[in-house]
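S.K.: Quick one: structure below, then a few questions.
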Amino acid sequence: QVQLVESGGGLVQAGGSLRLSCAASGSIYSINDMGWYRQAPGKQRELVAIIFSGGNTNYADSVKGRFTISRDNAKKTVSLQMNSLKPEDTAVYYCNAAIRATIRAVFYDYWGQGTQVTVSS
């Protein structure tokens, strides 16, 4: 079984910083893209940032210049450094990864359980 476990959420004042981390464990042959999504109350889940296996990244326009995604392939982790946080960044943040369990398997999307980020004004 593959698991994604997130950590690092919490409460922070506007202008502050938080760092989210996500570790993949279990039967893993390879990991393709890894990313962070968020879902605010009453809104759809949206992509925040994604990092591909080669290291290229994409960010939502709303977080460009403030958030940085990174990954450690050896440790099977992905992190999201969030700076200059705003109240509108308040949401549950989910880690996502496309993982192949064996050399013969297809890539499958896995999700973490979510971690709450609350930014007070």
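The values are calculated or read from the model by the stated rules, or taken from the named source; none is laboratory data. Note that the structure is a prediction, hence the values are computed from the model and not measured. Neighbour counts run over all protein chains shown; Cβ positions are idealised from the backbone, glycine included. Keep in mind that these areas ignore ligands, DNA and RNA; they rest on the heavy atoms of the full protein, side chains included. Shrake-Rupley method; radii C 1.70, N 1.55, O 1.52, S 1.80 Å.
S.K.: Tally Lys/Arg at +1 and Asp/Glu at -1 over every other residue whose Cβ is under 14 Å from the Cβ of residue 107; what's the total?
M.R.: So the surrounding residues net to 0.
S.K.: Identify, among 74, 48, 23, the residue whose Cα sits farthest towards the positive end of the charge dipole of the chain, taking +1 on the Cβ of Lys and Arg and -1 on the Cβ of Asp and Glu, with the dipole about the Cα centre.
M.R.: My answer, from the dipole projection, is 74.
S.K.: For residue 89, what charge total do you get from the other residues with a beta carbon under 9 Å from its beta carbon, if Lys and Arg give +1 and Asp and Glu give -1?
M.R.: Combined, the nearby Lys, Arg, Asp and Glu give +2.
S.K.: Based on the mean of other Cβ atoms within 10 Å per residue, sort peptides 46-57, 101-112 so the most packed one is first.
M.R.: 46-57, 101-112
S.K.: Label residue 56 and residue 102 with points 7 Å out from Cα along Cα→Cβ: what is the distance between them in nm?
M.R.: Distance between label points: 3.2 nm.
S.K.: At a 1.4 Å probe radius, carbon and sulfur cover how many percent of the accessible area of the chain?
M.R.: Of the solvent-accessible surface of the chain, carbon and sulfur hold 47 percent.
S.K.: Give the relative contact order (percent, whole number) for the chain; include only Cα pairs under 8 Å separated by 6+ residues.
M.R.: 36
S.K.: Now a separate question. Count the net charge of all other residues whose Cβ sits under 15 Å from the Cβ of residue 62, scoring Lys and Arg as +1 and Asp and Glu as -1.
M.R.: Overall, the nearby charge balance is +2.
S.K.: Now for a different question. For segment 35-66 and segment 73-121, what is the centre-to-centre distance using only Cα atoms, to the nearest Å?
M.R.: A separation of 9 Å, based on Cα centres.
S.K.: With a probe of 1.4 Å, find how much accessible area segment 65-121 has per residue, and write the answer as a whole number in Å².
M.R.: 52
S.K.: Percent antiparallel among DSSP beta bridges with both residues in the chain, to the nearest 5?
M.R.: The antiparallel proportion sits near 90 percent.
S.K.: Let me ask you something else. Show the residues, 5+ positions off or on another chain, whose built amide H is closer than 5 Å to the amide H of residue 33.
M.R.: 53, 98
S.K.: Assign unit charges at the C-beta atoms only (+1 for Lys and Arg, -1 for Asp and Glu), then state the dipole size of the chain relative to its Cα centre in Debye, rounded to the nearest 20.
M.R.: Value, rounded to 20: 160 debye.
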